[in-house]
Each structure stands twice: as C-alpha cells, then as structure tokens.
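The values are calculated or read from the model by the stated rules, or taken from the named source; none is laboratory data. The structure presented is a predicted model; accordingly, all values stated were derived computationally and were not measured. Note that each Cβ is placed from the backbone with ideal geometry, even for glycine, and that neighbours are counted across all protein chains shown. Keep in mind that these areas ignore ligands, DNA and RNA; they rest on the heavy atoms of the full protein, side chains included. Shrake-Rupley method; radii C 1.70, N 1.55, O 1.52, S 1.80 Å.
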Amino acid sequence: MNIIEDRERRTAWFSKDRFGMFIHWGLYAIPGRGEWVQSDEQINQDKYAEYFDEWNPTHYDPVKWAKMAKQAGMKYAILTTKHHEGFCLFDSAYTDYKSTNTKCGRDLVREFVDAFRAEGLKVGFYYSLLDWHHPDYPAYGDMYHGDRNNKALMGKTHNFENYLTYLHNQVRELMTNYGKIDILWFDFSYKGHMGEDWHGTELVKLVKSLQPDIIMNGRLEANGENYGSVMTDEPNVFSGDFASPEMIIPPAGLQTQSGMDVPWEACFTLNNNWGYAPNDKQHKNPRQIIKKLVECVSKNGNMLLNVSPTAKGDIPQWQQDVLGTVGNWIRDNGDSIYGCGRSEFPKPEWGRYTQNGNKLYAHIMEESIV
C-alpha cells in the first residue's frame, strides 16, 4: 500500500464525519487576551509564571463539554494539550510546567479523553511544536518568542537537540498513555523550524509505531497559510494526512496539480481569537457557522470550530448558544453534511450543493430565487 492509499484508508472516517470541535485552553485564559498574549505583549517568563501559580479551573467539567459537542452535531474534538506557552494540560514526566503541579492538581487531558470517548466522539490532541517556556527553545531573535527582543538574553546559547528530545518524549507520552488517539494536530512550522528541523521523519515514525491508524495534519512542514507537500502527488513522510487552512475556505477545495483530492479541514474561531478573550465582541452567529460548514462540505472539506473556555473552565454562554442553534439545524439537516462532499453539479447562484452517492442536497442561502 503506497502513501496515498494508506492516507485514504485512514482518513475515510474523517471525510464522513465532517464537523469537529477545537478547544484552545491554557494559562492564557487567565489574562483573557487571546492565546498569543505572551508573544504579542512580550511578557517575560517571571511575569508569565504568575498565571501558572494562579491556574485552578474549578469549573472544568469535560462531561458537559462532550455533551455540548455531541449535541452540536460534532463528531470529534481536539484539545490543546500544550500550546506555544509550553504549559501542559497533561501529567508529563518531562516537565514541572503542567496542570498536575498547579492548584488544580489534575490531568486535564485524561479527563477530556474519558469524557469525549464516553459520548462516542473521536479524540484528537493538538500539540505545539513551539515552546516559549523551555530553556532550550531559542528566545532572543526568534520570530515569535515573548523574549525575542529581551537584550538580556542576547548571545545565550541553546541546545536545540535537547528541546527536540523533550518534544519527541512528550509526543510519545501522548501517544502511549491515553489509549487510542484519532488525530494528532501539530502547530506549526516557520522559517528555520520546518520539516526535518523537528526531526520530522523520526517523529512521524514514532507516532505511527504507537498509533498506526492515527491521522495527522501537515504542520510539521506547514502552517495555516501554506500546506506543504500534502498538495502534491508525491507527499513526503511528514506531509501529514490533511491540510489545515486557518480562518479561510479554499476557493475550490484542495487538489493536487493532477486533480487528486486532498483531505482538508478549515479551522475557525467563534470570534477573532482562539483563546479566551471576553473583550473580543466580533461574535460569529449560527447562520454564519452553518454557511461555512456547508461551504466546506460542498468543497470536500471538514470544519473544525473552536471554543475558548475561561480560566475557570466554563465555555462562555454565548458560545454555548451558538453551538445549540447549530446543533438544532444539524439534527434536521445532518444527512446533507455527514458522508457528503462535492456535487457533480456546478455551484448554483442561490446557494450550494452537497452530495452523497446519488443523493443531492440543495442548500438555499439567498432569501429569494429569481
């Protein structure tokens, strides 16, 4: 079986389920100014450590989250096990910077996995390749690090191989300690940190040796703006199994130059931030979400919709309301989403088609048809 055939086998369920939940949650929920706050505001490690000391999500109830996702019509969920800040929501043996060492004292990933599996949802892990906390991740002069302009760190040496060992060890933990994992969502590559810079071939082999049926996105060599070799007829070993455009829907779906379909999943926020940001009032409404979901499916793609829990562990009520309305629509119209894809007919002016076998679904998006 070649790499394309193996990809088609492992992504078959993914291309049927079509709709998933993304959950961005970490220390950044405490300041509530988005998941990039450490980088955007160039907060040093000592200051950022105050959030670690404060972390205690007493309202965290993953059973409630799982039921919410299922009622919204989602078929899988992906949790940020570690974002760029380096804080781990799981009980890693390789760091003290983890939820079990906070006032919380809980393995939050373990509880997430158990709750979502109990609702029959597939489980995915987001894992950041970046790490602004690890001492061997380059800081001064990096493109994104919160200490990139901290002259006190100018000339400091880093043993990046030590960091890569740490990265691989943590991925091994995630692939070993939580049972079957359906998706591994890496984030992200950039200049000087791409592909083999992460020891990508070795990392993919490690993952597949532990989770042979898992699917991975392509950000070991790409990011939200480019897709890497998954877009070719001969993808490399760390190209991933699907592309992951961020906050955009490709104009005509994604295909290689020869016309071969590439699995893809567009990820969207419910406002303009991935992490909790209560002052961001650019809320998307249910109609917008439904239209985006239909558009993704009509182009042979999936939609991964993000929620941003508070530091206490509550999904904001307005986000719950949007999910509830979307779920009501899917209960009536799910046959036009699950198992569906691009139609054999061109897009009509008044909306979009989705198709499953010989069944054609017409999504009327204009208020009137002339």
Fill in the blank from the handout: So, first residue open to solvent by less than 10 Å² (accessible area, probe 1.4 Å) in the range 321-343, second residue at pLDDT below 95, Cβ within less than 6 Å, six or more apart or across chains; the pairs are none
Exercise for the section: Taking the options T80, T95, name whichever one is at pLDDT 95 or above and touching a Cys at 6+ places or on another chain (Cβ under 8 Å). Expected result: T95
Exercise for the section: With the condition kept exactly as written, say whether any residue in the range 241-248 is in contact with a Cys (Cβ under 9 Å, 6 or more places away or on another chain), outside any loop (DSSP other than H, G, I, E, B) and either surrounded by fewer than 20 Cβ atoms within 10 Å (Cβ to Cβ) or not small (G, A, S) (or both). Expected result: yes
Handout entry: Flag if N271 is more than 24 Å from D17 (Cβ to Cβ), under 20 Å from the mean Cα position of the chain (by Cα) and open to solvent by less than 20 Å² (accessible area, probe 1.4 Å)
Key = yes
Practice task
Can you tell me which residue among P263, P251, P278, P286 is more than 17 Å from W185 (Cα to Cα) and in contact with a Ser or Thr (Cβ under 6 Å, 6 or more places away or on another chain)?
Solution key: P286
Practice task
Say whether the condition of being over 25 Å from Y76 (Cα atoms) and charged (D, E, K, R) is met by at least one residue in the range 119-136.
Solution key: yes
Handout entry: Sole exception among (1) in contact with a Gly (Cβ under 7 Å, 6 or more places away or on another chain); (2) in a strand (DSSP E or B); (3) of a type in the set (A, V, I, L, M, F, W, C) for L220, by number
Key = (2)
Exercise for the section: Would you list the helices (runs of 4 or more DSSP H) that sit entirely within the range 1-98 and hold 2 or more residues that are closer than 28 Å to H168 by Cα and open to solvent by 70 Å² or more (accessible area, probe 1.4 Å)? Expected result: 3-10, 45-54
Fill in the blank from the handout: Here the qualifying pairs (Cβ atoms under 9 Å; residues six or more apart or on different chains; first in the range 50-75 and more than 21 Å from D96 (Cα to Cα); second part of a helix (DSSP H, G or I) and among the basic types (K, R)) come out as A66/R117; Q71/R331; G73/R331; K75/K16
Practice task
Tell me, please, whether a residue that is farther than 23 Å from G327 by Cβ and free of Cβ contacts under 8 Å to residues at least 24 places away in the same chain can be found in the range 103-119.
Solution key: yes
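What's the total number of residues in the range 118-141 that are farther than 22 Å from F186 by Cβ and not aromatic (F, W, Y)? Show your work before the answer.
Our first condition is that a residue be farther than 22 Å from F186 by Cβ; within the range 118-141, this holds for 118-120, 140-141.
Cutting the leftovers down to not aromatic (F, W, Y) gives us 118-120, 141.
So the answer is 4.
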Practice task
Return yes when K284 is within 30 Å of N56 (Cα to Cα) and open to solvent by 70 Å² or more (accessible area, probe 1.4 Å) and no when it is not.
Solution key: no
Fill in the blank from the handout: Result of the Cβ filter at 7 Å on the range 215-240, keeping first residues that are under 21 Å from G124 (Cα atoms) and partners that are open to solvent by 50 Å² or more (accessible area, probe 1.4 Å) and assigned to a strand (DSSP E or B), at least 6 apart or interchain, is G224/E246
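This table checks each residue for (1) touching a strand residue (DSSP E or B) at 6+ places or on another chain (Cβ under 7 Å); (2) under 30 Å from R10 (Cβ atoms).
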| site | (1), (2) |
| --- | --- |
| L254 | yes, yes |
| D261 | yes, yes |
| N271 | no, no |
| Y276 | no, no |
| L293 | yes, yes |
| L305 | yes, yes |
| K312 | no, no |
| L323 | no, yes |
Completion exercise
Picked from the range 256-270 (must be out of contact with any Gly (no Cβ under 9 Å at 6 or more places or on another chain) and in contact (Cβ under 8 Å) with a residue 24 or more places away in the chain), the residue farthest from P316 (Cα to Cα) is S258
